[in-house]
Amino acid sequence: MNLLIDHLRHICGDAHVLTHDDPSTDLSAWELDWRKRIRGRALAVVRPGNTAEVAAVVKACAAAGAAIVPQGGNTGLVVGGVPDNTGTQIVLSLGRMHAVRAIDPANLTITVEAGCVLQNLQAAAEAAGFLFPLSLGAEGSCTIGGNLGTNAGGTQVLRYGNTRELCLGLEVVTAQGDIWHGLSGLRKDNTGYDLRNLMIGSEGTLGVITAATMKLYPQPAAQLTAWAAVPSMQAAVELLGLAQQRLGPGLTGFEVMGQFALSLVDTHYPQLRVPLWQETPWCVLLENSDSENEAHARSQFEALLEAALNAGCVSDAVVAENLTQARGLWHIRESITLAQADEGLNIKHDISIPVSRIPDFVAETDALLAHHIPGVRMVDFGHLGDGNLHYNVQAPQGADGNAFLRDYEDQVNTLVFDQVKRFDGSISAEHGVGELKVGKLPLYKDPTALAMMRAVKQALDPQNIMNPGRVLGSEE
Ligand code: FAD
Ligand code: 2HG
Ligand code: ZN
């Protein structure tokens, strides 16, 4: 393997191939996953500076039979972007490839390298007078390559779709080290199999995304945010229907947050001043993006909330007076993940269920979990507008997080996923499979679909060097 390291240093330069040979080098940032669930050990962390170097790195690894784990910001929540603990895998970090290559205002597209941090991509779009709508709590450190790798969702999917729907073209280095020049900005192209959409969401198991052409949108003329207390999950679903009816495509965000989830934010970040949470089991965050002006947005929003109060699906509400207040409300929503991590190790689910069935799902599944694990605490929140719930499970008060995961994780996952299946849902709406759901996928995914996925993996990566063991497990 020393020969491989020498070869990689020759390709990328000594400074960009980090190994454990130098005891002063700390590789934790690349080896430990965001949730601190797994600490792997890499043979090396390799940081190529351009697509040609990525291709040469992949060719070198393929020749040596070394596995490659592509990595962006390492904010993934399913242990998909860190190496295993064998000390034989190469972490291929795209962080140095962060350039904005081009903006085409008339075509409404932006072409960026995979390591571009999402927030920087949003800022580049804004500086050019446009909106790049993908938005998630990790946007300050996740990368567009990782967003594409996981087909990330976030809080604007309701209006703009997930990452897959925002992408028009890709540049990819295949598992053989060839470069696919697919950076088209076309909205229509019917020339055969859809390789772009195959790569998106493949979690680094089929190739390395090195650049992407993404869609841009006009910026809304005005954006307003409201925070509403709702008496039940059923009421939240009713409010969603009303909001869709009255705001149409202006409804760009609809997030639900359970009382215990908000209590964790209140406990760990009291300075954020969570509104209304003590008086209601659920709160909803709504965003109205208007193409006319602020006065129009405000009158529409106020009329919606008045109708909702009259219908009994809202018990109280506040509308942000200005951008600072709106950002504050979103900040509370985005802090739930961090507050939950501060509370201790936990079991996460990013499930999707038809919106109409979510109230029954939550009532039934809450009751089942409470029956099996007395004192269990439910951290429920998420993108209700997309039918995507973060149905997270926290250990009972005072219980040890490690012991809780050891004793209950499998049982809880089985119980929740069985319920998801019963309610015609999916066990992953946005975070992906990674390593954490790999054992469960065969139990819940259609067997013919799985067989086709295995055939694709075998065809594109016959050596099984691209992120092995993730998504399909080790028997690929
Ligand atoms: P990484 O974690 O580095 O990698 C993730 C996966 O993509 C791995 O399998 C990796 O191998 C693969 N990959 C990375 N780069 C490439 C590449 N260039 N080519 C091929 N494969 C690649 N996710 C959501 O969907 N919605 C949310 O609302 C959301 N909110 C979050 C909030 C917080 C606080 C945190 C910590 C995470 C959140 N996430 C969310 C999860 C995470 O941010 C996303 O999955 C994100 O897309 C990962 O990007 P990354 O650059 O960090 O990728
Ligand atoms: C979000 O919607 C993310 O904030 C993270 O997808 C969800 O922490 C989670 O479980
Ligand atoms: Zn989410």
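Coordinate-derived values only; no laboratory data. Predicted model, so just to flag it, every value in this text is computed and none were measured. Methodologically, a virtual Cβ is constructed for each residue, glycine included, from the backbone with ideal geometry; neighbour enumeration extends over all protein chains shown.
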**Fill in**
Cα extents of the chain per principal axis, largest first, Å, are 71, 56, 47
**Item:** Packing rank of 298-309, 65-76, where each peptide gets the mean count of other beta carbons within 10 Å, highest leading
**Value:** 65-76, 298-309
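Sort 421-430, 265-274, 249-258 for me by packing, meaning the mean count of neighbouring Cβ atoms within 10 Å per residue, highest on top. Walk me through the intermediate numbers first.
Working: 421-430: 18.5, 265-274: 14.7, 249-258: 22.7.
Those peptides, ordered most packed to least, come out 249-258, 421-430, 265-274.
How many Å³ per residue does the convex hull of the Cα positions in the stretch 1-128 occupy? Show your work: numbers first, answer last.
Values: hull volume 15.8 nm³, N = 128.
In the stretch 1-128, the Cα hull volume divided by residue count equals 123 Å³.
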**Prompt:** What does the charge count near GLN234 come to, summing +1 for each Lys or Arg and -1 for each Asp or Glu among other residues with Cβ under 12 Å from its Cβ?
**Reply:** -1
**Asked** Can you sort TRP277, TRP227 by how many other beta carbons sit within 10 Å, fewest first?
**Response** TRP277, TRP227
**Item:** Dipole magnitude of the stretch 94-197 about its Cα centre (Cβ charges: Lys, Arg +1; Asp, Glu -1), debye to nearest 20
**Value:** 120 debye
**Item:** lysines whose Cα lies under 23 Å from that of LYS440, excluding same-chain neighbours fewer than 8 positions away
**Value:** LYS36, LYS348, LYS421, LYS457
**Message:** If Rh is defined by the Kirkwood formula over all Cα pairs and Rg also comes from Cα, what ratio Rg/Rh do you get for the stretch 85-244?
**Reply:** 1.03
**Prompt:** Tell me, what is a quarter of the convex hull surface for the C-alpha atoms of the stretch 93-149, in nm² with one decimal?
**Reply:** 3.7 nm²
**Fill in**
When the charge dipole of the chain is computed with +1 at the Cβ of Lys and Arg and -1 at the Cβ of Asp and Glu, the Cα pointing farthest to the positive end, of ALA235, ALA307, TRP30, is that of TRP30
**Asked** Angle, helix 401-422 long axis vs. longest principal axis of the chain, Cα atoms, 0 to 90°, nearest 10?
**Response** 70 degrees
**Fill in**
Along the dipole axis of the chain (charges at Cβ: +1 for Lys and Arg, -1 for Asp and Glu; origin at the Cα centre), the most positive-end residue among VAL420, ALA363, ILE332 is VAL420
**Message:** Based on C-alpha coordinates, I'd like the Rg and Dmax of the stretch 165-238, in Å.
**Reply:** 19.1, 56
**Prompt:** Taking LYS188 as the anchor, which lysines have their alpha carbon closer than 20 Å to its alpha carbon, excluding any fewer than eight residues away along the same chain?
**Reply:** LYS215
**Request:** May I ask for the Kirkwood hydrodynamic radius of the stretch 231-347, worked out over all distinct Cα pairs and given in angstroms to one decimal?
**Result:** 15.0 Å
**Request:** For the stretch 163-175, just list the computed ³J(HN,Hα) in residue order, Karplus coefficients 6.51, -1.76 and 1.60, θ = phi - 60°, integers in Hz, with x standing in for Gly and Pro.
**Result:** 4, 4, 6, 9, 9, 10, x, 9, 10, 9, 9, 6, 5
**Message:** Rounded to the nearest angstrom and ordered from largest down, what semi-axes does the equivalent ellipsoid of the stretch 363-476 get from its C-alpha gyration tensor (root of 5λ)?
**Reply:** 30, 17, 12
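Given the -39500 (n - 2.57) contribution per DSSP H run of 4+ residues, what per-residue ellipticity at 222 nm results for the chain, rounded to the nearest 500 deg cm²/dmol? Before the final figure, lay out each step's value.
Details: 17 runs with 177 residues, N = 476.
Theoretical 222 nm ellipticity from helices: -11000 deg cm²/dmol.
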**Prompt:** Roughly what angle does helix 294-311 make with the longest principal axis of the chain, taking Cα atoms, 0 to 90 degrees, to the nearest 10?
**Reply:** 60 degrees
**Asked** Considering only GLY250, GLY185, TYR269, whose Cα is most displaced toward the positive end of the charge dipole of the chain, charges sitting on Cβ of Lys, Arg (+1) and Asp, Glu (-1)?
**Response** GLY185
**Request:** Could you give the C-alpha radius of gyration of the stretch 162-293 expressed as a fraction of 2.2 N^0.38 Å, taking N as the number of residues it contains?
**Result:** 1.48
**Cα Rg, Dmax, the stretch 428-467, angstrom units** = 11.1, 29
**Message:** What are the ³J(HN,Hα) couplings of the stretch 37-47, residue after residue, when phi is run through the Karplus curve with 6.51, -1.76, 1.60 and θ = phi - 60°? Round to Hz, x for glycine and proline.
**Reply:** 7, 9, 10, x, 9, 8, 5, 7, 9, 10, 10
**Message:** About the Cα centre, and with charges only on the beta carbon of Lys, Arg (+1) and Asp, Glu (-1), how big is the dipole of the chain? Nearest 20 debye, please.
**Reply:** 740 debye
**Net dipole in debye of the stretch 148-205 [+1 Lys, Arg Cβ; -1 Asp, Glu Cβ; about Cα centre; nearest 20]** = 280 debye
